[in-house]
1. Take the residues in segment 89-123 that are at pLDDT below 90 and in contact with a Ser or Thr (Cβ under 9 Å, 6 or more places away or on another chain), then tell me which one is nearest to S79 (Cα to Cα).
2. Filter segment 43-88 down to the residues that are of a type in the set (D, E, K, R) and closer than 24 Å to R244 by Cβ, then identify the one that is modelled with the lowest pLDDT.
3. Hey, can you tell me all the residues within segment 206-221 that are surrounded by fewer than 17 Cβ atoms within 10 Å (Cβ to Cβ) and either within 15 Å of D159 (Cβ to Cβ) or not hydroxyl-bearing (S, T, Y) (or both)?
4. Looking at segment 232-261, which of the residues that are in contact (Cβ under 8 Å) with a residue 40 or more places away in the chain and among the small types (G, A, S) is surrounded by the fewest Cβ atoms within 10 Å (Cβ to Cβ)?
5. On the given criteria, is D223 outside any helix (DSSP H, G or I), of a type in the set (D, E) and free of Cβ contacts under 8 Å to residues at least 40 places away in the same chain?
6. Here are some conditions: (1) modelled with pLDDT of 60 or more; (2) farther than 23 Å from V228 by Cα; (3) part of a loop (DSSP other than H, G, I, E, B). A130 meets all but one. Which one does it not meet?
7. Take segment 175-195 and flag every residue that is outside any loop (DSSP other than H, G, I, E, B) and either surrounded by fewer than 19 Cβ atoms within 10 Å (Cβ to Cβ) or out of contact with any strand residue (DSSP E or B) (no Cβ under 6 Å at 6 or more places or on another chain) (or both).
Amino acid sequence: MSEPTAEQTPEPEIPPIDETSSEKDLIETAPVKKSKKEKKKSGPVRALAETVVIIAVALAAAVLIRLFLVQAFYVPSGSMENTLLPSDRIVASKITTHFSGVQRGQVVVFKDPGGWLPAPGPAPSGFSGALHSLFTFIGLLPSDSGSDLVKRVIGVGGDHIVCCDKDGHIELNGKSLIEPYIKPGDTTDQVLFDVVVPKNNIFVMGDNRSNSRDSRYHLRVNDGGVPVSDVVGNVFVTVWPLSRFTFMSIPDTFSDIPSAP
């Protein structure tokens with residue numbers, strides 16, 4: 001059998017190069033450059049979107065802080081003079097009250113248990129009223145709803161409180177309570193009483209005793225007790241005016257009070 005000669009050997013077929021499709025692929029994969037007009041347009045839009053997101057996050061954080069951590073309040077009266085003065089701005093801690101409870105000697109903000117305050121006046125109306133309510137809810141303005149009170153805790157559940165001993169002092173669990181925070185020249189014997197604070201309640205009094213409608217004036221209901229569940233938080237700082245910026249702590253006079261009998 002004769003073998004095929006070089007002239008008879010079939011040459012391998014080489015596929016033709018599709019120059020058209022190659023150029024098309026290069027065009028499709030090449031990066032598309034934005035025009036200067038598109039760049040200028042997307043710049044402000046992106047900046048505006050980022051600003052809106054930042055503001056929304058900040059407002060959400062402020063609301064969460066107000067709801068769960070701290071809240072600012074406005075002092076409307078002189079019942080806590082001279083510890084707190086009218087128009088002072090104070091901040092109450094909610095989280096410490098939640099985890100540590102309410103302690104004797106603390107200054108606390110609490111909701112009206114019922115009948116302690118007159119009916120609040122009409123809320124501001126119109127755009128300014130809505131803006132005020134919004135800023136108060138967010139926490140950018142102190143609360144002045146007219147339904148909150150601020151007083152000092154004198155006794156907690158189970159404490160035996162008597163007014164007064166022979167020297168005119170409150171007697172707490174059998175021990176005379178020396179109170180350096182009372183407004184100078186004031187006394188504490190406007191109302192005489194002898195009560196045991198109900199369980200899960202607190203007995204509160206203002207530091208300006210002669211100008212404070214506190215637990216002493218509500219003895220017929222729950223022996224003057226304020227439910228702990230009504231406590232919003234304990235006041236830990238006065239923030240305004242700056243000249244009165246002060247951190248608050250429990251006075252030493254409460255450190256050696258005996259436990260409730």
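The values are calculated or read from the model by the stated rules, or taken from the named source; none is laboratory data. Keep in mind that what you see is a predicted model, and the values were worked out from it rather than measured. As a convention, Cβ positions derive from the backbone with ideal geometry for all residues, glycine included, and neighbour counts pool all protein chains shown.
1. L117
2. Residue satisfying both the conditions and the ranking: R66.
3. The answer is N211, R213, L219, R220, V221.
4. S259
5. no
6. Result: A130 passes all but (3).
7. Passing the criteria: K175, S176, F193, D194.
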